[in-house]
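Undergrad: I have a structure here, written as structure tokens, and I will follow up with some questions on it.
Every read-out reported here was derived from the displayed coordinates using simple, explicitly stated rules and does not represent laboratory data. All values reported here derive from a predicted model rather than from experimental measurement. Cβ atoms come from the backbone with ideal geometry, glycine included; neighbour counts cover every protein chain shown.
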Amino acid sequence: MTVPQPTSEEGQRLLEAAYGLFAELGYDQTESQMIADVAGVSVAAIKAEFGSKRGLYLEVMKRVHLEEQEIFEQMAAHYTYDAEGLHRIVDRYLDYFVDHPRSAALWAQRRMYDATDLREVEVAYNYPPARNIVEMTAGAVRPEVDMELLVWTIVWAVQTFVYSGFPNAEGGRVDATDPRALERFRRHIHTVVGALTR
């Protein structure tokens with residue numbers, strides 16, 4: 001699957017600028033003028049290319065979804081219906097967000113009630129992939145496990161770790177950019193999943 005590119009250079013610059021700003025500040029705190037300034041175009045270009053800031057945001061989220069969908073399709077193609085297959089999905093999911101931290105930030109912003117009026121994002125882009133993973137992997141875990149909540153637990157943990165890391169003893173934070181922290185987090189997620197598999 002190839003994510004379609006905008007037909008104009010201005011559109012591409014707007015998408016890139018919006019992606020960064022929405023990830024850093026959220027939709028609600030990002031003004032159209034800010035996006036235009038970062039992209040080096042006029043505010044009128046947002047309307048011409050995407051109809052509005054809302055339209056631009058939905059296009060950013062659609063593109064993030066299409067990239068993630070490509071990963072889900074790869075997961076499904078190589079999935080073995082057992083614990084080992086589930087562990088490979090966890091690794092691939094974590095690796096994707098380590099490589100795409102702005103996508104993790106976009107989803108983290110939404111969990112902080114950003115753009116709450118745009119519920120179509122969850123309906124179209126958030127819930128369906130999670131449901132598909134639940135259906136695909138449910139047989140790999142013990143019958144008493146709530147597979148839907150397990151999938152959401154992994155989603156939240158991975159995205160939050162990549163977005164903000166976790167505190168350390170010195171009062172700072174470590175995140176996925178620290179190889180030791182990443183390896184520690186990976187082991188932890190596999191320990192959690194391993195405790196619940198058949």
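Undergrad: Would you kindly compute the Cα radius of gyration of the chain and its largest Cα-Cα separation (Dmax), both in Å?
TA: 18.3, 57
Undergrad: Calculate for the chain the 222 nm mean residue ellipticity that helices alone would give, adding -39,500 (n - 2.57) per DSSP H run of length 4 or more and normalising by residue count, nearest 500 deg cm²/dmol.
TA: Roughly -22000 deg cm²/dmol at 222 nm, from the helical runs in the chain.
Undergrad: Can you list which of the DSSP-assigned H helices in the chain have a Cα extent of 20 Å or more along the long axis and an average Kyte-Doolittle score of at least 0.0?
TA: 147-164
Undergrad: Could I get the Rg over Rh figure for the range 134-192? Both from C-alpha atoms, Rh via Kirkwood, rounded to two places.
TA: Rounded to two decimals, Rg over Rh is 1.08.
Undergrad: So which trypsin sites (Lys or Arg not before Pro) in the range 95-144 end up in coil per DSSP with only 15 or fewer other C-beta atoms within 10 Å?
TA: For trypsin sites (Lys or Arg not before Pro) across the range 95-144 that sit outside H, G, I, E and B with at most 15 neighbouring Cβ atoms in 10 Å, the list reads Arg119.
Undergrad: To continue, here is another question. Have a look at Asn132, Phe185, Val151 and report the one farthest towards the positive end of the charge dipole of the range 60-196, computed about the Cα centre with Cβ charges (Lys/Arg +1, Asp/Glu -1).
TA: It is Phe185, whose Cα lies furthest towards the positive end.
Undergrad: Now for a separate question. Gaussian network model of the chain, Cα springs within a sub-10 Å range: biggest mean-square fluctuation belongs to which of Glu67, Glu84, Glu170?
TA: Of Glu67, Glu84, Glu170, the Gaussian network model singles out Glu170 as fluctuating most.
Undergrad: Whose amide H sits under 5 Å from the amide H of Val174, counting only residues 5 or more places off or on another chain, with H placed in the peptide plane?
TA: HN-HN under 5 Å from Val174: Phe166, Asn168.
Undergrad: Under the rule a/c < 1.5 gives rounded, and otherwise a/b versus b/c splits prolate from oblate, where does the range 6-113 land using the Cα gyration tensor?
TA: Prolate is the answer for the range 6-113, as a/c is 1.5 or above and a/b outweighs b/c.
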